[in-house]
Amino acid sequence: MLHRWVGRPALELGYLVAGLFTGVVTFTVAVTMLALSLGLLPVFLLGIPVFVATIFVLHGLAAMDRARAATLLDVDIPGRPVRPVPGVGWVRRAFVRARSPEVWKDAAHAVLLLPVAVVSASLVLAFWSAAVAGVLLPLYIGALPGEAGVSWLHWSVGAEAWAGFGAGVALLLLARVLSAGLTAAQIAMARALLSPSDSDALRAQVTQLRETRARVVDAADSERRRIERDLHDGTQQQLVALAMSLGRAKEKMADDPEGARLLVEQAHQEAKDSIVALRNVVRGVHPAVLTDRGLDAALSALAAKSPVPVRLDIDVTERPSPTIEAIAYFVVSEALTNIAKHAEATKAAVHVERDTHRLLVSVSDDGRGAATETGGGLTGLRDRVAAVDGTFRLTSPPAGGTTIRVELPCES
């Protein structure tokens, strides 16, 4: 309640008043540079480089106004980067940019902000000043000159004081509504002129999906090569040794039964080692325990094999889809592997929780920190998470400790 009637109105008033000063800067800079680029155009085309500079200056002015909204109101107005123009020739690129609607939207906002801010700031300052003066009238009416506080009413001083107080309260309500409305109007104008259009948002989304798809394909190809390498260098060599041992045992079966028996025992051990190697390869693709018993059992098996003590906290009453389960499993698996190899940690913690629409996964340790997303398999995990519209966040301050937080969508 206090924030609604004191904190928020103060922030809105500050936002509108700050817009007045911001508008002076944006209007002056935008009009000056646009006029300068137009005026220098006949002089050996000097206006073209000035216009190109104006485009980037307008982009900076738009970022400044977004920062005003984010700092004072905690409102995020999405920005749009200056898109590169393909082709050769700086003159051609300048004319292509001149036809871009984004440039003129930035210019329109820079020019319109000043008159809008002047009207907004003047109105809210007038209403808030009158409201405060009316509410405080009983405190200073006695110090006003004349026999009555408001002579044209011809009331007693006390009646005028309480009438002013009532009017001040009414003006407070009006000022609150007015400041909220004018703030919303400025935010709406900024969103309309400074935010990406639907086509820009769609283009950015397509680009992001294309990049994510390419990274996921690369990760899948890398995983396929790893499996091929494991089968070739591990399991295949063990099976070759098994075949050789059985062949030697077959040759010694008649002449040296004891030697043949030892070779058969050796072949039996090599067969068991091959089965273990195959299980490890299959577990790297998709562990059977995850399919049969779910995340709780699969992550418990991971924690039991980890050389770093792991505290598990799993609250998944309803199993998510197999795809989401697999992504969550491999996030924890890769994170625990990195902790064991690189973090120099003494303990780790895994928390998995499902609410109605999300599966939340958190892996933390007390290691040396300073981890990044560019190594240790984390890039592939981030792309897997992004492929299902999840979020991947890594926090690893240099002081120590690393936390990975992943949110994965789940159908209710």
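The values are calculated or read from the model by the stated rules, or taken from the named source; none is laboratory data. Quick caveat: nothing in here was measured; it's all calculated off a predicted structure. Glycine gets a Cβ as well: all are built from the backbone with ideal geometry, and neighbour counts include every protein chain shown. Ligands, DNA and RNA are excluded from the accessible area calculation, which covers all protein heavy atoms including side chains. Shrake-Rupley method; radii C 1.70, N 1.55, O 1.52, S 1.80 Å.
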Next item on the list: Once you have the Cα-Cα distance between A304 and K250, take 0.36 nm times their residue separation minus that, and quote the gain in nm to one decimal.
Entry: 15.3 nm
Check: Which parts of segment 169-193 would a label at S129 reach, counting a residue when its backbone N lies under 16 Å from a point 7 Å out along Cα-to-Cβ?
Finding: 172, 175
Next item on the list: Pull up the cross-link candidates among the lysines for K305, meaning alpha carbon to alpha carbon under 22 Å and not fewer than 8 places away within one chain.
Entry: K272, K341, K347
Check: Rounded to a whole number, what % of the accessible area of segment 297-370 do carbon and sulfur atoms account for, probe 1.4 Å?
Finding: 51
Margin query: If each residue of separation counts as 0.36 nm, what is the full-extension length gain between L174 and D315 once their alpha-carbon separation is subtracted?
Written below: 45.8 nm
Checklist line | Of the trypsin sites (Lys or Arg not before Pro) in segment 303-406, those whose Cβ has at most 15 other Cβ within 10 Å and which sit in DSSP loop | finding: K347
